[in-house]
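Each remark here refers to the structure printed beneath this line.
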Amino acid sequence: MDAFFASVEQLDNPKLAGRPLIVGGNPKGRGVVAACSYEARRYGIHSAMAGAKASRLCPQAVFVRPRKERYREVSTQIMEIFRHYTPLVEPLSLDEAFLDITLDHHSLSSAAETAENIRSRIFHETGLTASAGVSYNKFLAKTASDLNKPDGLTIISPAQAKSFLASLAIGKFYGVGKVTEEKMHTLGVRTGQDLLRFDKKELTALFGKAGAYFHDIARGVDIRPVQSRRKRKSIGTETTLHTDIIELGQVREVIRDLAHKVGEGLHAKAMGGHTLTLKVRYHDFTTVTRSLSLRSPLHNAQDILQHTSHLLRSTEAGRTRIRLLGITISNLTTNSEKKPVQLQLPFAEKAQAIINRIE
């Protein structure tokens, strides 16, 4: 979808149409931009930017609070449209998904026609625009979908893939973030063609597991299937504080609130988790995470709070001002997976009976 959250707000309030709109953040206080309209992006505003900075870049921008339930409602409509064309739908977020249309369920002439049908239905049924990428694997389809926004369609055929990737800027490769892009530049890698100079062993040594991925996608190889049911990997929450805090009592109070929210999430999903991660962002935006894995799963706030003090001691909490705190539980397990129980076998009774007979 194109600027999804902001587009929904402009759809519901026509007075916001055509204006630089920011969802989330706070022009005078804390918080970061959750999403922004294309009008706001022209000023250099982007998601995860501090609201105060966004306001400085565009003083006339309009800020609105996120309405998550409304976005979920529209997302449900969109996903239902997707599933009309194929059962193989893998959502990436509320507004984006991979679709495997290898099997044509509607006798359409091509994948491009299917994509246009989907985009047309989304517009007529929701009033919103979407962009699509069409290709023979997930990496190329995702990369293509970002190239002709908003309201665009990009097709990469097998015959076009090699030349397309060779000329593509490395920062446009799906999975290459800012930090990785900078590292690539230091290695002289600015396009897909440059990446071909490195073999898989070299890239793995430079980038770890991601190196093998970079090696394959530069050659147009991505064998990952579209997975219609994805296993949930984590449950967590975080909060950006209204003012920086340094006093440990305040920090622990925020962590307590977060633990209860995560505990409620675990309860709602009937899940537990073996790995606890504490996220701390300091006043200068430096962010650290501290994790702990346990043999027995954590199921509620009490379980979580038993271990947060240990993680907190390995941070600068109490010495450096903090602007954000977060807690995540991962390595999840369902509550139906019962814990091992020692069986009560009557060995003692049988042994005593044998002794009695011998006597």
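Every number in this text was worked out from the coordinates using simple rules, so none of it is lab data. This is a predicted model, so every value here is computed, not measured. When we count neighbours, we look across all protein chains shown, and the Cβ atoms used for this are built from the backbone with ideal geometry, even at glycine.
Quick notes on this structure:
- Within region 238-278, the GluC sites (Glu not before Pro) that combine a DSSP coil assignment with at most 15 other C-beta atoms in a 10 angstrom radius are GLU247.
- Only one residue of LEU324, GLN227, LEU292 has its Cα farthest out toward the positive end of the dipole of region 214-336, where Lys and Arg carry +1 and Asp and Glu -1 on Cβ, and that residue is GLN227.
- Each Lys and Arg adds +1 at its Cβ and each Asp and Glu adds -1 at its Cβ; summed about the Cα centre, the chain shows a dipole of about 860 debye.
- If the convex hull is drawn through the Cα atoms of region 129-244, its volume per residue in Å³: 179 Å³
- Neighbourhood charge, 14 Å Cβ-Cβ cut-off, centred on ALA212 and excluding it, Lys, Arg +1 and Asp, Glu -1: +1
- Longest site-free stretch - the chain; sites: trypsin sites (Lys or Arg not before Pro), DSSP loop, at most 12 other Cβ within 10 Å: 43-196
- Here region 4-66 is assigned +1 on the Cβ of each Lys and Arg and -1 on the Cβ of each Asp and Glu. Its dipole about the Cα centre then comes out at about 260 debye.
- For the chain, projected area of the alpha-carbon convex hull averaged over all directions, nm²: 27.5 nm²
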